[in-house]
Amino acid sequence: MTHLRPLPSEQLVLWTPPPSPHYNHPHHAGPSPAQELSYRMLWGVEMPKPNVPYPTAAHLRPSENSTNTVGISIRNYYSTRTLLHKLLVRGKSVWKPFNPNDKREEAQSIVDFLSRVLDDEDGVEVHEAKQILSVIRMIAKLSEIFPSGCELVGVDCDFGDRVSGGGFADIFRGMYKGQAVCVKAARIANTNRKNERAQAKEFMLWAHLSHPNILPFYGVYIPRHFNSPRICIVSQWMGNGDLRSYVLRYPNSPKMLLLSDVISGLQYLHENEIIHADLKAANVLVTETGHAVIGDFGISRVVSGLSTTNPDSKGTNNWTAPELTLVENSIPSERSDIWSFGCLCYEVMVDEEPFYWCQNFGQVFNALLKKKTPFDGPNPPARQHQIDAWIRALMEQCWDFDEFCRPSAKGIHDRFQILNIPDRRPPQKRDDAVLREVQEARSYVKINYSHVRGVFERLLSAQEETPKPQMSIF
């Protein structure tokens, strides 16, 4: 998330857009530079050029005269951003009086606005972004409200044909706009408020991640034919499956390059102060060009003063760091992610789960209590002895029982880069038509700024008054 200082608001409204411009007219070749600048700063996408259609998400298309209000909308956007900044600098206590279930329309407007701010690459610093993300994830957890632009219409999925399942969700292969997609749906038998809220938090986080080694998020699909709506998360379909099954099918695959892909994605998460908290080969997928992408953000969390004090889960036992397994009320961290990355390396290089000799949590607990690592099992597999000394040393450093002595994701990534491993894989595809369309469609969501400003002003004034006992939503 880059930081660029936005233009002063008085520079943004010096022009008055013409009424209902017709760009196909022979005497009007297209929008003026001023129009393009204002439109781009407001919506986060380029202004449509002659003969270029808007995204096909009909329920999100702008009205014909939407450009008439661009100047007003820009003023609304930046004046509301100013109020948001005042709230963020005051810390988490300022949000305590806000209950998203009191007025859901206001909560929806706030989520849409905060999502727009996160999508705005201009003027969003990392420390601001993580606080904003924590707020909208908390709203999602309490009320299952998500950004309006995230809902997809027209997904075709046969829920009677499950591909796989894990945790509380099942995986299905669906179709959206002629392209295969992955549909992740909560199991009907396990659908409850806690699971729904966990899914809501997942896509609130996932929707604002963008990196070549992070699985692209398309949106949310709510099938209407169930008695109770199920929130389904839709992402890019990966025909090669997960990393564990991929290296088993293709033992000669470039494993070091795949591990380099994973640490590149993990470095991106940590740079944005996001903890994955369940990193393992089953949660990493492989693209058609043979590149690894991190997915499954079901229990990821943002490191922020606004985040909850207790995680929803600590990950899968055999991949979980000792400080999480052995200490009650412990919280996942970047350092525990690094332990899990070492375990993922073990899976890829040895073709076995870490602590493969342990049959249950109790045995894993005892192994960690005795300071054993995945290398310390009885009758180690032959491949364990064949691991290159460089990667073996790295894995041992990831498994340091002093969590503060483990390398960082950036440090590990830098080490892989120094190796300069030849990469003969086909170039990773950058152009994803579905992703491009859904991102554009999100930018056309109309925001009720009066709702947002009204809530923000009430929160600011409430903190200035004598504080009263409140039940915190955080």
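Laboratory data are not the source of any read-out in this text; all were calculated from the coordinates shown. Just so we're clear, the structure is a prediction, and the values are computed from it rather than from any experiment. Don't worry about glycine lacking a Cβ; one is built from the backbone with ideal geometry, like all the others, and counts go over all protein chains shown.
Listing for the model above:
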item: Phi to ³J(HN,Hα) by Karplus 6.51 cos²θ - 1.76 cosθ + 1.60 over region 257-268, Hz, x for Gly, Pro; result: 5, 5, 5, 5, 4, 5, 5, 5, x, 5, 4, 4
item: Whole-Hz couplings from phi, Karplus 6.51/-1.76/1.60, listed for region 377-383; x for Gly and Pro; result: x, x, 6, x, x, 4, 5
item: Ranked list, fewest to most other Cβ atoms within 10 Å of each Cβ, for C358, C398; result: C358, C398
item: J(HN,Hα) series, region 354-369, from Karplus relation 6.51 cos²θ - 1.76 cosθ + 1.60, nearest Hz, glycine and proline x; result: x, 6, 4, 7, 8, 8, 7, 4, x, 5, 5, 4, 5, 4, 5, 4
item: Exposure proxy order (Cβ contacts within 10 Å, fewest to most) of F146, F159; result: F159, F146
item: Modelled FRET efficiency - R0 35 Å, C405 with R249, Cβ distances, 0.05 increments; result: 0.45
item: Spacing of the two label points (7 Å from each Cα toward its C-beta) at F361 and S450, in nm; result: 5.2 nm
item: For region 333-474: rounded, prolate or oblate by the Cα gyration tensor [a/c cutoff 1.5]; result: oblate
item: Nearest-0.05 FRET efficiency for D432 and N99, computed from C-beta distance (R0 25 Å); result: 0.10
item: Sorted by Cβ neighbour density within 10 Å, fewest at the top, the residues R116, R453; result: R453, R116
